[in-house]
């Protein structure tokens with residue numbers, strides 16, 4: 001390899017000033033210029049281009065605000081309304097898998113209109129002497145789940161504590177078991193203000209499955225405080241009312257009595273939903 005001299009006696013010419021300086025006092029700047037150390041200028045910091053990445057947009061551990069889904073109407077099957085008895089204002093509503101709680105308010109609406117801003121829906125058709133405008137009243141109606149059967153009633157044999165799900169015995173389950181044993185649909189009874197949901201009635205007139213043993217293995221077939229009601233203590237002899245198919249029906253009472261009873265109607269389309277709808 002070549003060997004350079006130390007230059008202790010050499011003279012150098014500055015690239016900046018053109019003056020002569022001892023060789024060993026010369027330095028090289030960032031731009032390659034060979035200058036005396038007294039002439040040295042460091043690189044301007046603004047010439048150093050920093051590498052800047054993209055702006056941060058998303059948080060690493062976000063916890064967004066939980067938003068509830070807006071309430072919307074649910075379309076009902078054709079002719080969803082059924083009157084109960086002649087001279088009675090009770091109406092049953094067929095709404096498959098409605099998932100509604102007891103004592104909530106529901107408004108019914110007919111065909112949507114596009115020509116009106118204030119009144120956006122038509123009323124349903126008249127049913128058994130009850131005007132469709134009455135059924136589709138803008139204030140809605142407070143509902144009870146199931147098809148209430150005031151003529152299908154009995155009493156409790158024993159008192160119930162607040163959490164009991166087995167051994168709930170009825171005095172006479174004749175009208176109850178005829179509805180539930182073959183279909184195995186969920187049914188409910190109303191005791192005071194509590195709804196108790198069950199599957200079948202056993203041979204000993206107790207709520208549950210087809211036998212007390214099966215109910216003991218799977219006590220969840222009986223649900224206390226169902227459909228938004230509150231569990232409560234009930235005394236022996238308390239009145240028990242059957243509610244048919246509470247998962248697929250609910251009922252309400254309006255001010256006009258039915259003419260015949262047991263008549264279905266209302267037409268299509270009909271929806272059931274909140275009293276107000278936010279656009």
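Give, as residue ranges, the strands (runs of 3 or more DSSP E) completely inside region 17-100 that count at least 3 residues that are closer than 21 Å to residue 141 by Cβ, out of contact with any helix residue (DSSP H, G or I) (no Cβ under 9 Å at 6 or more places or on another chain) and outside the structural domain of residue 268 (by TED's automatic domain parsing).
On the way: elements: 20-22, 26-28, 34-36, 81-83, 90-94.
By residue number, no strands (runs of 3 or more DSSP E) qualify.
Looking only at region 31-77, count how many residues are within 30 Å of residue 5 (Cα to Cα) and surrounded by 12 or more Cβ atoms within 10 Å (Cβ to Cβ). Quick ask: steps written out before the conclusion?
From region 31-77, those within 30 Å of residue 5 (Cα to Cα) are 31-43; that's our starting set.
From what's left, surrounded by 12 or more Cβ atoms within 10 Å (Cβ to Cβ): 33-36, 39-40.
Total satisfying the criteria: 6.
Just name the residue that is nearest to residue 229 (Cα to Cα) out of those in region 246-258 that are touching a strand residue (DSSP E or B) at 6+ places or on another chain (Cβ under 6 Å) and in a loop (DSSP other than H, G, I, E, B).
Initial filter on region 246-258 (touching a strand residue (DSSP E or B) at 6+ places or on another chain (Cβ under 6 Å)): 246, 249-253, 256, 258.
If we keep only those that are in a loop (DSSP other than H, G, I, E, B) too, we end up with 246, 256.
Working: 246: 13, 256: 28 Å.
Out of the qualifying residues, it is 246.
Can you tell me which residue within region 1-16, out of those that are part of a loop (DSSP other than H, G, I, E, B) and touching a helix residue (DSSP H, G or I) at 6+ places or on another chain (Cβ under 7 Å), is modelled with the lowest pLDDT?
Step by step, filter region 1-16, then rank; the result is 7.
Residues in region 168-193 that are more than 27 Å from residue 100 (Cβ to Cβ) and at pLDDT 85 or above: how many?
First, the residues of region 168-193 that are more than 27 Å from residue 100 (Cβ to Cβ): 169, 171-172, 174.
Then keep just the ones that are at pLDDT 85 or above; that gives 169, 171-172.
Residues flagged as more than 27 Å from residue 100 (Cβ to Cβ) and at pLDDT 85 or above within region 168-193 amount to 3.
Please verify whether region 11-23 includes one or more residues that are in contact with a strand residue (DSSP E or B) (Cβ under 9 Å, 6 or more places away or on another chain), exposed (fewer than 11 other Cβ atoms within 10 Å of the Cβ) and without any contact (Cβ under 8 Å) to a residue 60 or more places away in the chain. Spell out the reasoning first.
Kept after step one, since they are in contact with a strand residue (DSSP E or B) (Cβ under 9 Å, 6 or more places away or on another chain), are these residues of region 11-23: 11-17, 19-23.
Right, trim to exposed (fewer than 11 other Cβ atoms within 10 Å of the Cβ) and you get 11.
Those left that are additionally without any contact (Cβ under 8 Å) to a residue 60 or more places away in the chain: 11.
There is at least one residue in region 11-23 that is in contact with a strand residue (DSSP E or B) (Cβ under 9 Å, 6 or more places away or on another chain), exposed (fewer than 11 other Cβ atoms within 10 Å of the Cβ) and without any contact (Cβ under 8 Å) to a residue 60 or more places away in the chain.
Inspect all residues belonging to region 154-166 and state whether any of them is closer than 28 Å to residue 96 by Cβ and modelled with pLDDT under 90.
Yes.
One line per residue, one yes/no per condition, for (1) more than 17 Å from residue 194 (Cβ to Cβ); (2) at pLDDT 95 or above; (3) under 33 Å from the mean Cα position of the chain (by Cα); (4) surrounded by fewer than 17 Cβ atoms within 10 Å (Cβ to Cβ):
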position: 240; (1), (2), (3), (4): no, no, yes, no
position: 243; (1), (2), (3), (4): no, no, yes, no
position: 246; (1), (2), (3), (4): no, no, yes, no
position: 251; (1), (2), (3), (4): yes, yes, yes, no
position: 255; (1), (2), (3), (4): yes, no, yes, yes
position: 261; (1), (2), (3), (4): yes, no, no, yes
position: 264; (1), (2), (3), (4): yes, yes, yes, yes
position: 268; (1), (2), (3), (4): yes, no, yes, yes
position: 275; (1), (2), (3), (4): yes, no, yes, yes
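For region 135-155, which residues satisfy the criterion of being under 18 Å from residue 262 (Cα atoms) and surrounded by fewer than 16 Cβ atoms within 10 Å (Cβ to Cβ)?
Scanning region 135-155 gives 150, 151.
Give just the number: which of (1) within 17 Å of residue 274 (Cα to Cα); (2) at pLDDT 95 or above does residue 72 not satisfy?
Every listed condition holds for residue 72 apart from (2).
Out of all the residues in region 254-272, is one or more touching a residue at least 40 places away in the same chain (Cβ under 8 Å), assigned by TED's automatic domain parsing to the domain that holds residue 113 and closer than 19 Å to residue 188 by Cβ?
There is no residue in region 254-272 that is touching a residue at least 40 places away in the same chain (Cβ under 8 Å), assigned by TED's automatic domain parsing to the domain that holds residue 113 and closer than 19 Å to residue 188 by Cβ.
The values are calculated or read from the model by the stated rules, or taken from the named source; none is laboratory data. Remember, it's a predicted structure, so these values are computed and weren't measured experimentally. When we count neighbours, we look across all protein chains shown, and the Cβ atoms used for this are built from the backbone with ideal geometry, even at glycine.
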